[in-house]
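The structure appears below as structure tokens.
Taken together, the values in this text are just the output of simple stated rules run on the coordinates, not laboratory data. In this text the structure is predicted, and so the values were computed from the model without any measurement. Note that we place each Cβ from the backbone using ideal geometry, even for glycine, and neighbour counts take in every protein chain shown.
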Amino acid sequence: MDKFTDANEIAYFLESMGCGALFAAVYDFLRARRREKKVKAFFVYLEDILFLAALGLLAYALAFRENVGIIRWYGILGLGLGALLLKLALGDRLMRLFGKVYRVFTRLVCFAAGILLFPVRLVSKLIRRPISVVVWHSREGSREIADIWRTLKIRLSNRLRS
């Protein structure tokens, strides 16, 4: 765009409001995921830093595309106002909806993993008896294999739960 007109600046403001609302929705999804699955503080900080970096890049890309790279105060105001209007309109309802969507998605992934791992469990049940006979002859070996088997079983059940 070569000229700055009032229509261009109003369009820039409205687009920045839309981007602000979009980023507020994305942040609500991050918050919902954090509520559903406890995340260590380090990863929360890392997510927030990456989120803010993406927000900055989006604001710059929007200004570059619409305003020839000139960041205007009303563009930043539009980002904040869009996020604020989304929060006032929907409150925490959007975050609760995202939490439900996240729970359904994780259940579907666990179900799919169970289907994909069914042959592995079937083969392990079939070979468990012959292996146990061989292991029975070696007490030291049986303890080690039993410990390995137990830890693998615990790890698999923990991964399927989370």
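Look at the dipole of the chain built from charges on Cβ: of Leu84, Ile131, Ile115, the Cα furthest out on the positive end belongs to Ile131.
Report the rotationally averaged projected area of the chain based on its alpha-carbon convex hull, in square nanometres. Walk me through the numbers on the way to the answer.
Numbers: hull surface 56.9 nm².
The directionally averaged projection comes out at 14.2 nm².
Spacing of the modelled spin labels on Ile70 and Arg161, each 7 Å from Cα toward Cβ, amounts to 5.9 nm. Using only alpha carbon pairs under 8 Å that are at least six residues apart, calculate the relative contact order of the chain and give it in whole percent. This gives 32 percent for the chain. Among residues other than Glu66 with Cβ under 10 Å from its Cβ, the summed charge is 0 (Lys and Arg +1, Asp and Glu -1).
Ignoring lysines fewer than eight residues from Lys87 along the same chain, the ones with Cα atoms less than 20 angstrom from its Cα are Lys100.
Starting with the highest mean, order 117-124, 99-106 by the number of other Cβ atoms within 10 Å, averaged over the residues of each peptide.
Details: 117-124: 10.9, 99-106: 13.6.
The most tightly packed comes first, giving 99-106, 117-124.
Computed from label points 7 Å out along Cα-Cβ, the spacing between Phe29 and Phe105 is 0.6 nm. In plain terms, the C-alpha convex hull of the range 6-91 casts an average shadow of 5.9 nm² when viewed from every direction.
Under 11 Å from the Cβ of Arg31, count the other residues' Cβ atoms, weight Lys and Arg +1, Asp and Glu -1, and hand me the total.
Numbers: positive: Arg33, Arg34, Arg35, Arg96; negative: Asp28, Glu36, Glu47, Asp48, Asp92.
Charge balance near Arg31 sits at -1.
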